[in-house]
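The values are calculated or read from the model by the stated rules, or taken from the named source; none is laboratory data. Not measured: the values here are computed from a predicted model. Positions of Cβ are backbone-derived with ideal geometry, glycine not excepted, and every protein chain shown enters the neighbour counts.
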Amino acid sequence: MQMTDEYDLIVLGGGPVGENVADRAVQGGLTAVIVESELVGGECSYWACMPSKALLRSGQVLRAARRVPGAAEAVTGELDVPAVLRRRDAFTSDWDDSGQVDWLNSANIDLVRGHGRISGERRVTVTGPDGGERVLTARHAVAVSTGSDAVVPGIPGLQEAAPWTSREATSAEEVPESLIVVGGGVVAVEMATAFASLGSRVTMLARSGLLGAFEPFAGELVAEGLRELGVDVRTGVSPTRVDRDVAGVTVRVDGGEVLAEEILVATGRSPRSDDIGLETIGLEPGSWLRTDDSLRVPGVDWLYAVGDVNGRAPLTHQGKYQARAAGDAIAARAQGGPVDDRAWGRHAATADRASVPQVVFSEPEVASVGLTEAAAQQAGRRVRAVDVEFSSVAGASLHGDGPNGRARIVVDEDRRILLGATFVGPEVAELVHAATVAVVGEVPIQRLWHAVPSYPTVSEIWLRLLEAYGRDSA
Ligand SMILES: Cc1cc2nc3c(=O)[nH]c(=O)nc-3n(C[C@H](O)[C@H](O)[C@H](O)COP(=O)(O)OP(=O)(O)OC[C@H]3O[C@@H](n4cnc5c(N)ncnc54)[C@H](O)[C@@H]3O)c2cc1C
Ligand SMILES: NC(=O)c1ccc[n+]([C@@H]2O[C@H](COP(=O)([O-])OP(=O)(O)OC[C@H]3O[C@@H](n4cnc5c(N)ncnc54)[C@H](O)[C@@H]3O)[C@@H](O)[C@H]2O)c1
């Protein structure tokens, strides 16, 4: 490793996003260093995307086989829980980041381990594991990619009950006999699915419906799916007090009580920006770091905020998309090259605004992109939404008996293009990218009729959706 304290770019936080900002900048001809306080690879690799999906996958495969006669008869056993946990451990490399450090070395990115804080203009002070300090200076830019933390709400007794957050759930070494999940968002739904599959008796306490950011039918179908898995889904419920004793955790809810061995709090995220020195440059510690579309913080021309910490679209793929724009913009600005930060330009994360895809790995799965009908109306667009059931698609029935699910497209009636699409059904994750291409490409509906899905595939849902919308009006 090159031992210098001056780099073109300093990246604070070596999660998936920070790694990509540094990589793009180095590929653009700059020198870069990443400051990382825990594991290179970040939340996503060790306590979020990878372990959660590994915990979910085995149960999904087992149930998919059970939906196909012939295969179903061959499935005579239950999940092998220790094998599922071992597979999860393999995906997290046993919480060892040496593979990712090797990749940094191969990409010519330096690594400084420790907690970094901005300590002035283009300066970062790192407190190392031994308590020693090292001051780094950036010739051009500092990119903050410090991610987000789980929020633990101020419910009386909750903090003292030492609840699980997504970290403890995704890295659990044992499956509790019973689990209370507080929240109705993506983490709550996925972890309730995973732990119910692994044998926990799960109770979900959601203050409103499930998956509130999606089309309403998504949360309704997922609640049905969870109930089929044996989860006690309670909506419109808010915990008022939590106590832990030797018997487990007791949660008081509107006149009743729920008891379980463990409790998971999945009630959203807050930016990891409270202890990164923002006050030294006149910014508010603990705030989401707002940016322009090139991910630069307005008013501080050397500071970028990329990934979860800017609150734009807290997803790994979207953060890495931002990282490509930001890393390239930093390199271009450093070298006085052209910067194209207009909408859809190389240096702009335009898709964050209304074209974000997301897959929830629940059962049924939820895959969506762009605006929901309600969000489009709120944005003042004149829209029409059409819905189709997966049971009307031959390919979906062949894929697995009794396909339960629905798809919706949201069409801009003035421009006749798709603003959004949502698919809820078994294994719909791979359907959404076609919709993402249509939304980002603003493909006219009349041209979509010429994008013919193969027969008999699940993608034929596209044809059914166009038929439901009607060709004459297109
Ligand atoms: C349970 C769960 C499941 C998820 N599943 C998915 C999924 O399936 N798909 C998806 O797209 N998204 C998923 N997400 C969201 C995804 O994890 C985040 O969007 C992603 O990790 C954000 O990447 P990041 O690099 O911005 O932040 P992080 O991954 O949080 O990385 C930030 C890094 O910065 C380091 N750091 C923080 N402060 C400092 C400091 N002061 N000094 C030095 N280092 C510091 C941290 O140690 C960390 O390594 C999931 C989230 C959760 C909680
Ligand atoms: N598959 C994926 O893409 C995936 C998986 C997991 C997480 N993520 C991302 O991680 C982030 C965090 O997920 P999340 O589920 O924690 O957040 P979320 O915002 O999706 O859901 C938060 C839930 O907590 C509830 N809530 C909030 N405050 C509460 C309170 N005080 N009491 C009771 N309930 C409360 C909300 O009503 C909501 O149901 C999201 O941005 C999500 O996109 C993505």
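Pairs meeting the criteria (first residue in the stretch 449-474 and outside any helix (DSSP H, G or I), second residue basic (Lys, Arg) and surrounded by fewer than 19 Cβ atoms within 10 Å (Cβ to Cβ), beta carbons under 8 Å, at least 6 apart or on different chains) are Trp449/Arg471; Ala474/Arg416.
The condition (being out of contact with any Cys (no Cβ under 8 Å at 6 or more places or on another chain), on the phi > 0 side of the Ramachandran plot, in contact (Cβ under 8 Å) with a residue 12 or more places away in the chain and not charged (D, E, K, R)) is satisfied by just one residue among Gly307, Gly319, Gly327, Gly336: Gly307. The residues of the stretch 311-362 that are more than 30 Å from Ala54 (Cβ to Cβ) and aliphatic (A, V, I, L, M), listed by number, are Ala329, Ile330, Ala331, Ala332, Ala334, Val339, Ala343, Ala348, Ala354.
The set of residues in the stretch 41-77 being among the aliphatic types (A, V, I, L, M) and within 16 Å of ligand 1 (Cβ to nearest atom) consists of Ala48, Met50, Ala54, Leu55, Leu56.
Suppose we filter Ser178, Ser197, Ser171 for residues that are crowded, with 16+ Cβ neighbours inside 10 Å and either basic (Lys, Arg) or more than 16 Å from ligand 1 (Cβ to nearest atom) (or both); which single one remains?
Ser178
Residues in the stretch 431-474 that are loosely packed, with under 14 Cβ neighbours inside 10 Å and modelled with pLDDT under 95: Arg471, Asp472, Ser473.
Of the listed requirements (1) assigned to a loop (DSSP other than H, G, I, E, B); (2) crowded, with 24+ Cβ neighbours inside 10 Å, Gly319 misses just one: (1). If you scan the stretch 261-302, which residues turn out to be assigned to a strand (DSSP E or B) and either touching a Phe, Trp or Tyr at 6+ places or on another chain (Cβ under 9 Å) or buried (at least 24 other Cβ atoms within 10 Å of the Cβ) (or both)? Listed by number, the residues that qualify are Glu262, Ile263, Leu264, Val265, Ser270, Pro271, Arg296. Can we say Thr127 is over 26 Å from the mean Cα position of the chain (by Cα) and polar (S, T, N, Q)? For Thr127, the condition - over 26 Å from the mean Cα position of the chain (by Cα) and polar (S, T, N, Q) - is met.
Considering the stretch 288-332, the residues that are under 21 Å from Asp149 (Cα atoms) and of a type in the set (S, T, N, Q) include one that is nearest to ligand 1 (Cβ to nearest atom), namely Thr316. Within the stretch 235-266, track down each residue that is acidic (Asp, Glu) and in contact (Cβ under 8 Å) with a residue 40 or more places away in the chain. Correct list: Asp243, Glu261, Glu262.
Within the stretch 136-150, if we keep just the residues that are closer than 21 Å to Gln335 by Cα and small (Gly, Ala, Ser), the residue that is surrounded by the most Cβ atoms within 10 Å (Cβ to Cβ) turns out to be Ala143.
Of all residues in the stretch 71-85, at least one satisfies being out of contact with any helix residue (DSSP H, G or I) (no Cβ under 7 Å at 6 or more places or on another chain) and polar (S, T, N, Q).
The set of residues in the stretch 12-40 that are within 7 Å of ligand 1 (Cβ to nearest atom) and under 15 Å from Leu315 (Cα atoms) comprises Gly15, Pro16, Val17, Gly18.
The residue list Glu427, Glu389 contains one member that is surrounded by 14 or more Cβ atoms within 10 Å (Cβ to Cβ) and at positive phi, which is Glu427.
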